[in-house]
1. Anything in segment 148-174 that is within 22 Å of Met111 (Cα to Cα), of a type in the set (Phe, Trp, Tyr) and surrounded by fewer than 20 Cβ atoms within 10 Å (Cβ to Cβ)? List them, or say none.
2. Going through segment 1-28 one residue at a time, which ones are assigned to a loop (DSSP other than H, G, I, E, B), in contact (Cβ under 8 Å) with a residue 24 or more places away in the chain and not basic (Lys, Arg)?
3. Of the numbered conditions (1) in contact with a Pro (Cβ under 8 Å, 6 or more places away or on another chain); (2) at pLDDT below 95; (3) hydrophobic (A, V, I, L, M, F, W, C), Val156 fails exactly one; give the number of that condition.
4. Select, from Val261, Val275, the only residue that is under 22 Å from the mean Cα position of the chain (by Cα), surrounded by fewer than 19 Cβ atoms within 10 Å (Cβ to Cβ) and of a type in the set (A, V, I, L, M).
5. Would you check if Val32 is at negative phi and not assigned by TED's automatic domain parsing to the domain that holds Gln300?
6. Might you let me know whether segment 94-108 holds any residue that is closer than 27 Å to Met273 by Cα and in a strand (DSSP E or B)?
7. Take segment 131-144 and flag every residue that is touching a Ser or Thr at 6+ places or on another chain (Cβ under 9 Å) and farther than 25 Å from Arg294 by Cα.
8. Kindly indicate the residue of segment 70-83 that is outside any strand (DSSP E or B) and in contact (Cβ under 8 Å) with a residue 24 or more places away in the chain and also surrounded by the fewest Cβ atoms within 10 Å (Cβ to Cβ) among those meeting that condition.
Amino acid sequence: MRDVVVIGGGLSGLAAAYELEKRGVPYTLIEVKSRLGGSIESVESNGFIFDSAPMCHAVDDPAFFEAYLAELGLKDAVFINDDGLLVFHRGTQVLIDALKAKITAPIMFRMAVSTLGMLDAERFAICMENGLLLDAKALIVAAPARYAERMFYTLVPEIAFRLLDYRYDNIVRVSLGYSHTNTLPLEYGHDTPIVDLRVARRMPKDSLTVQAALRIEEAEQPFDVVGELAALMGWGLNPAADHIARWNESDPIMWRQSDHVENMHRIQALLPMGVALIGSDYIPTNKPPHIDERIRQGLQAAQALVI
């Protein structure tokens, strides 16, 4: 029997797994995708490094996050831009890669959890969609709410009910890389969901990267969203590189609800002893979840189970 099963290999799940690793607690990590990191992914195209998730991050507790990055060997991997946001020189995926490198426990990729239950008074049951049944002394569920709702249906029906109508924003992130051969600088209003960078380690010399977060239903996304965005903003129609990314659970919007904080506290109170529910969807806040808050949730969940 496994001591702990971590369900979900996004940022919070990886932070929890790393904390268990440090404390010598046997665990297994389950991830439904073929890679770790969830929405956090960085790609390189024609010398530009693009992030699929936001490339600039607000941080809730800078001292905590700075110390955590130093522990992972990433102290010099970040900088603060002119807007006071944290940026990874080589893309946010370096954070995922650093956490992944610390993990020695088994990782079950492409495995989906259907339901959670109890085998007996001391063992939780993890039922997989392929029919496999796992058992564990403790669970850390780091899956998005739309999937966690189904998992908890048998174990704690009220949690499933409270997560039933969890909603996400329909955001597609479009990143464009412009070289010195294009018309620079780019112009746009400061009230638009657009950020830009001119950082040598992320792109060729004298270049610029722009990332726009567009609210578009997937079925209504233009065929040439890059061209339409560039034309709308008056930018060059032929960027040196571009990247389009959509992750359906990357932008929770329930934090805007007046009862979100109360609902999250209630869900935490309903969790059985030995079960944690973590991730950006469950942070009790009325502001967008911060990257360090997601990590802290993972740390605290692992620490609580060990205690």
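The values are calculated or read from the model by the stated rules, or taken from the named source; none is laboratory data. Model, not experiment: these values are computed from the prediction. Here the Cβ positions follow ideal geometry from the backbone for every residue, glycine too, while neighbour counts run over all protein chains shown.
1. Across segment 148-174, the qualifying residue is only Tyr153.
2. Taking segment 1-28 as the starting set, the residues that turn out to be assigned to a loop (DSSP other than H, G, I, E, B) are 1, 8-10, 23-26.
Checking which are in contact (Cβ under 8 Å) with a residue 24 or more places away in the chain leaves us with 1, 8-10, 23, 25-26.
Of everything in segment 1-28, those that are assigned to a loop (DSSP other than H, G, I, E, B), in contact (Cβ under 8 Å) with a residue 24 or more places away in the chain and not basic (Lys, Arg) turn out to be Met1, Gly8, Gly9, Gly10, Val25, Pro26.
3. That leaves (2) as the condition not met.
4. Val261
5. Spelling it out, it is not the case that Val32 is at negative phi and not assigned by TED's automatic domain parsing to the domain that holds Gln300.
6. yes
7. Quick first cut of segment 131-144, residues touching a Ser or Thr at 6+ places or on another chain (Cβ under 9 Å) only: 134, 136, 140, 142, 144.
Scanning segment 131-144 gives a single hit, Leu134.
8. Asp83
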